[in-house]
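Peer 1: Pasting a structure here, questions to come.
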């Protein structure tokens, strides 16, 4: 029997697996099928489910997991981030893309894009909120997640650098949480009639 080599610090970090693209592809295929099916209930289901997951995960990460992560030891934080981030890099952009795309097709099919003012203000609000969420998510949060992940994979991660990135991350996630609640208000208005 041989002794296993001691684990290096980076070993606790899960790799980014290209096989996750299979799930992304399947999810996008369901969205395309829902759009092409001409079945309003199916497209609505895809939009609502992706939106609930996107919003729920955003709020959970920002208001539940975030405060917990700030209080756990660095080793525990590193282990959690190291397992979570490789999945989040695929999950969140996919949910954002599906929610937004399915929502656009629903708005078009239901005639919301042709509404007169002031009802169109709700449509404009939804578009603006989703645009900000998407730009922040793909342009700020995704790169920060990737930088933190790559830094954590180093044998000796720079804790000060990670802390700086995470301060920016927390601020943007707080804004995302507020915007996610705002989009729920807007969507509730759509459901109850403009």
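The values are calculated or read from the model by the stated rules, or taken from the named source; none is laboratory data. Keep in mind that what you see is a predicted model, and the values were worked out from it rather than measured. In this analysis, Cβ positions are derived from the backbone assuming ideal geometry, glycine residues included, and neighbour counts consider all displayed protein chains.
Peer 1: Go through region 61-82 residue by residue and tally those that are more than 16 Å from residue 157 (Cα to Cα) and assigned to a helix (DSSP H, G or I).
Peer 2: 9
Okay, residues lined up against (1) over 24 Å from residue 18 (Cβ atoms); (2) part of a helix (DSSP H, G or I); (3) at pLDDT below 90:
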position: 92; (1), (2), (3): no, yes, yes
position: 96; (1), (2), (3): no, yes, no
position: 104; (1), (2), (3): yes, yes, no
position: 118; (1), (2), (3): yes, no, yes
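Peer 1: For region 39-58, which residues satisfy the criterion of being touching a residue at least 24 places away in the same chain (Cβ under 8 Å) and buried (at least 16 other Cβ atoms within 10 Å of the Cβ)?
Peer 2: Scanning region 39-58 gives 43, 44, 46, 47, 50, 51, 53, 54, 55, 57, 58.
Peer 1: Right, something else. Answer yes or no: is there a residue in region 59-67 that is in contact (Cβ under 8 Å) with a residue 40 or more places away in the chain and surrounded by 18 or more Cβ atoms within 10 Å (Cβ to Cβ).
Peer 2: Going through region 59-67, the residues in contact (Cβ under 8 Å) with a residue 40 or more places away in the chain turn out to be 59, 61-63, 66.
Add one more test, that the residue is surrounded by 18 or more Cβ atoms within 10 Å (Cβ to Cβ), and what stays is 61-62.
Checked against the condition, which is being in contact (Cβ under 8 Å) with a residue 40 or more places away in the chain and surrounded by 18 or more Cβ atoms within 10 Å (Cβ to Cβ), region 59-67 yields at least one hit.
Peer 1: Condition first: assigned to a helix (DSSP H, G or I) and without any contact (Cβ under 8 Å) to a residue 40 or more places away in the chain. Now tell me which residues in region 106-116 satisfy that. So that I can check it myself, show each step before the final result.
Peer 2: Quick first cut of region 106-116, residues assigned to a helix (DSSP H, G or I) only: 106-109, 112-114.
Within region 106-116, 107, 108, 113, 114 qualify.
Peer 1: For region 146-165, what are the residues that are closer than 13 Å to residue 13 by Cα and assigned to a helix (DSSP H, G or I)?
Peer 2: 146, 148, 149, 150, 151, 152, listed by residue number.
Peer 1: State yes or no: is residue 179 under 12 Å from the mean Cα position of the chain (by Cα), within 28 Å of residue 41 (Cα to Cα), touching a residue at least 40 places away in the same chain (Cβ under 8 Å) and buried (at least 17 other Cβ atoms within 10 Å of the Cβ)?
Peer 2: No.
Peer 1: Can you find a residue in region 137-145 that is within 22 Å of residue 44 (Cα to Cα) and either in contact (Cβ under 8 Å) with a residue 12 or more places away in the chain or in a helix (DSSP H, G or I) (or both)?
Peer 2: The answer is no, given that none of the residues of region 137-145 is within 22 Å of residue 44 (Cα to Cα) and either in contact (Cβ under 8 Å) with a residue 12 or more places away in the chain or in a helix (DSSP H, G or I) (or both).
Peer 1: Looking only at region 124-136, filter to residues that are free of Cβ contacts under 8 Å to residues at least 40 places away in the same chain and more than 16 Å from the chain's Cα centre (by Cα); which one of those is surrounded by the most Cβ atoms within 10 Å (Cβ to Cβ)?
Peer 2: 127
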